[in-house]
């Protein structure tokens, strides 16, 4: 193609969406750890329950002669407790995945990363201004309280 006839690339005067680049990178990271389907890692708490998820998390899924071998990172001292739950965990995982993907579970003891606790950023509504029309409502008490709560939230919004 002659140099003057090269197709023009679309100009981007702004940053692109990060999701376009992270999808393939995440898929490669999951595949490297043996997870062809990342649902096992992403929905770990739903699959095994919050008690087990607090003590262990999946590291890798590899092939073995007895089926898949799921390696879990367990909190120090929790591996012994979790060893008694191997069969139940394997059944729950296989039921979730819809096939016998996990035949054996192994544990690696190490400290689990601390998950940040989400802050409750919801601000409590302040007092209702005296001149607010919601105070003048003369009707059912439940409707009046709902109107006052709405007025408090409206008054607390930025820009008011």
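The values are calculated or read from the model by the stated rules, or taken from the named source; none is laboratory data. In this text, all values refer to a predicted model and were calculated from it rather than measured experimentally. Methodologically, a virtual Cβ is constructed for each residue, glycine included, from the backbone with ideal geometry; neighbour enumeration extends over all protein chains shown.
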request  = At least 2 residues that are modelled with pLDDT of 90 or more in each: list the helices (runs of 4 or more DSSP H) lying fully within the range 38-133 that qualify.
outcome  = 44-48, 50-55, 78-83, 86-97
ask   = Quick one: how many residues across the range 69-93 are over 19 Å from residue 109 (Cβ atoms) and exposed (fewer than 14 other Cβ atoms within 10 Å of the Cβ)?
value = 3
query = (1) on the phi < 0 side of the Ramachandran plot; (2) under 17 Å from the mean Cα position of the chain (by Cα): which one isn't true of residue 49, the others all being true?
reply = (1)
remark   = Checked pairs for the range 20-31, first under 21 Å from residue 60 (Cβ atoms), second modelled with pLDDT of 80 or more and part of a helix (DSSP H, G or I), C-beta under 8 Å and 6 or more apart or across chains, list as 30/41
ask   = Of these, 42, 66, which one is surrounded by fewer than 16 Cβ atoms within 10 Å (Cβ to Cβ) and under 18 Å from residue 113 (Cβ atoms)?
value = 42
task = Scan 61, 42 and give me the residue that is assigned by TED's automatic domain parsing to the domain that holds residue 97, in contact (Cβ under 8 Å) with a residue 40 or more places away in the chain and within 19 Å of residue 98 (Cβ to Cβ).
result = 61
